[in-house]
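To keep things clear, I will list the structure first and then write my remarks on it.
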Amino acid sequence: MTGQGDVTELLLSLDKDGGRAVDSLFPKVYDELRAVAAARLRAEQAGHTLSATALVHEAYIKLVDQRRVDWKNRAHFFAIAARAMRRILLDHATARKAEKRGGGAALVTLGDESGGQQSNLDELLALDQAMGRLAELDERQERVVELRFFGGLNLEEIAEVLSVSLASVNRDWRTARAFLTAELRA
């Protein structure tokens, strides 16, 4: 893991140096972003058409293209990366589901072993819907789940990003997991 100070310094200099820090930033965050992406994709079906590398590259492009972000530190960067990865995965799942409903996809025969893929797409979309319901009840709990599940941040980093105590994050994490478990079982 790269020093937090190095990443924070590069993030703070992004606006000041006309974007030259982007070239230095990517190698410093790549391995960690790729580990987060790989962990997230392990929960997806085998043969997922989006690789961890592709997910990282798409997310990184979205991140450095952000002109309105006032980067605070490394944890803030990874929090926004979590949101970008979540959006990319959801957009990808939605597109795949549309294809399976006839949006230009090839005909699937009864012998095709893609039932598990549809199930995982449905699970990801169901999780997103449940997280939407959670956000209606408690936005911070939804952010805790997003940062933990999609961003791979630890509880201490989440507390830093959200500017709350570690005890609050622990409580939010437990409560949100219980809520989502109940929602997904329903």
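Being at pLDDT below 75, surrounded by fewer than 17 Cβ atoms within 10 Å (Cβ to Cβ) and more than 19 Å from Met131 (Cβ to Cβ) is a property that holds for Lys100. Selection of segment 160-173 for residues being in a helix (DSSP H, G or I) and surrounded by fewer than 21 Cβ atoms within 10 Å (Cβ to Cβ) yields Glu160, Leu162, Leu166, Ala167, Ser168, Asn170, Arg171, Trp173.
If you check Asp6, Asp15 for being modelled with pLDDT of 75 or more and acidic (Asp, Glu), only one passes: Asp6. Kindly evaluate Leu33 against the criterion of being modelled with pLDDT under 85 and surrounded by 13 or more Cβ atoms within 10 Å (Cβ to Cβ). Criteria not met by Leu33. Sub-7 Å Cβ pairs linking a first residue in segment 150-162 that is more than 25 Å from Leu124 (Cα to Cα) to a second residue that is among the hydroxyl-bearing types (Ser, Thr, Tyr), at least 6 apart or interchain, are Ala159/Ser165, ordered by first then second residue.
Within segment 124-133, the set of residues being under 23 Å from Leu41 (Cα atoms) and free of Cβ contacts under 8 Å to residues at least 60 places away in the same chain comprises Leu125, Ala126, Leu127, Asp128, Gln129, Ala130, Met131, Gly132. Only one of these conditions is not met by Asn120: (1) part of a loop (DSSP other than H, G, I, E, B); (2) under 29 Å from Asn154 (Cβ atoms); (3) at pLDDT below 80. Which number is it? Going through (1) part of a loop (DSSP other than H, G, I, E, B); (2) under 29 Å from Asn154 (Cβ atoms); (3) at pLDDT below 80 one by one, Asn120 breaks only (1).
Counting residues in segment 126-149 that are outside any helix (DSSP H, G or I) and modelled with pLDDT under 85 gives zero.
The values are calculated or read from the model by the stated rules, or taken from the named source; none is laboratory data. Keep in mind the model is a prediction, meaning the values are calculated, not measured. No Cβ is skipped: glycine too gets one built from the backbone with ideal geometry, and neighbour counts run over all protein chains shown.
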